[in-house]
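Let me begin by presenting the structure, written as structure tokens, before commenting on it.
The values are calculated or read from the model by the stated rules, or taken from the named source; none is laboratory data. Not measured: the values here are computed from a predicted model. Cβ atoms come from the backbone with ideal geometry, glycine included; neighbour counts cover every protein chain shown.
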Amino acid sequence: MGIHINPSILSADFAQLGAELQRISTADMAHVDVMDNSFVPNLTFGPPVVERIRAVSPVPLDAHLMIADPDRWAPQYADLGCASVTFHLEAAAAPVRLARELRALGARASVAVRPATPVEPLIDLLPEFDQVLIMTVEPGFGGQKFLDVCLPKITRMRQAISASGLDIALQVDGGVSESTVDRVVDAGANVLVAGSAVYGAESAEAAIASLRTRAEERAEERAGSR
């Protein structure tokens, strides 16, 4: 799997969401942040809105569920047709069972960890997941500053994925921009979520292309230095 750029629509203009989705038609997926004002102190979308987003989006949906009780609610987002569904390890009662249910419903199963949550508990469970998401800001709001303290954790997870021999994506979400892309790719991430870096640009398409080009070049440099 190469580099993927998944813009977060949390930074989009919600009053023009259909048009805002068209702005990122060259992305790999649209990252949809579902927040319930319980697991995180913010409230965004629920299933009815995600269903409409799915209907008009030019790219598949990458649903990031920052919600309490994902064991109950996450399968509904797979049913709605989200291509990838991410739930938080901190919130799930039975993460393996939930991942298997998401896969059975046709979605990629992804698990996320907050900045202070260690990745080591996930290492033995890697075969159950299609993606691991490492948050590089505290979840809840867009536009936050990238937390460099998370870089060693990204590196450890990349090493574990490589050792497993599995094709598992390693996603980073939070503060990804032109100024941080080199660091996250060097650490081993290959799926980059960018919100304000894309939607804050005059041309979202140009911003996506620039991030993709820089990330691919850095990944090639990293591979060549091994």
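Condition check: crowded, with 17+ Cβ neighbours inside 10 Å, modelled with pLDDT of 95 or more and farther than 20 Å from Ala187 by Cβ. Does Ala74 satisfy that? Reasoning before the result, please.
Details: crowded, with 17+ Cβ neighbours inside 10 Å: yes; modelled with pLDDT of 95 or more: yes; farther than 20 Å from Ala187 by Cβ: yes.
Yes: the conditions hold for Ala74.
With of a type in the set (S, T, N, Q), over 14 Å from Val193 (Cα atoms) and modelled with pLDDT of 95 or more as the only criterion, which of Ser57, Ser8, Ser84 stands out?
Ser57
Within region 143-159, can you find the residues that are under 19 Å from Glu120 (Cα atoms) and basic (Lys, Arg)?
Of everything in region 143-159, those that are under 19 Å from Glu120 (Cα atoms) and basic (Lys, Arg) turn out to be Lys153, Arg156, Arg158.
Find the strands (runs of 3 or more DSSP E) located wholly in region 115-226 whose residues include 1 or more that are without any contact (Cβ under 8 Å) to a residue 60 or more places away in the chain and in contact with a Cys (Cβ under 7 Å, 6 or more places away or on another chain), and list them.
Working: elements: 131-135, 169-173, 191-194.
Of the strands (runs of 3 or more DSSP E) lying wholly inside region 115-226, those with at least 1 residues that are without any contact (Cβ under 8 Å) to a residue 60 or more places away in the chain and in contact with a Cys (Cβ under 7 Å, 6 or more places away or on another chain) span 131-135.
Look at Ala112 and say whether it is surrounded by 20 or more Cβ atoms within 10 Å (Cβ to Cβ), of a type in the set (A, V, I, L, M, F, W, C), at pLDDT 95 or above and not in a helix (DSSP H, G or I).
In short, yes.
Which ones in region 48-64 are surrounded by fewer than 14 Cβ atoms within 10 Å (Cβ to Cβ) and under 18 Å from the mean Cα position of the chain (by Cα)?
The one that is surrounded by fewer than 14 Cβ atoms within 10 Å (Cβ to Cβ) and under 18 Å from the mean Cα position of the chain (by Cα): Pro58.
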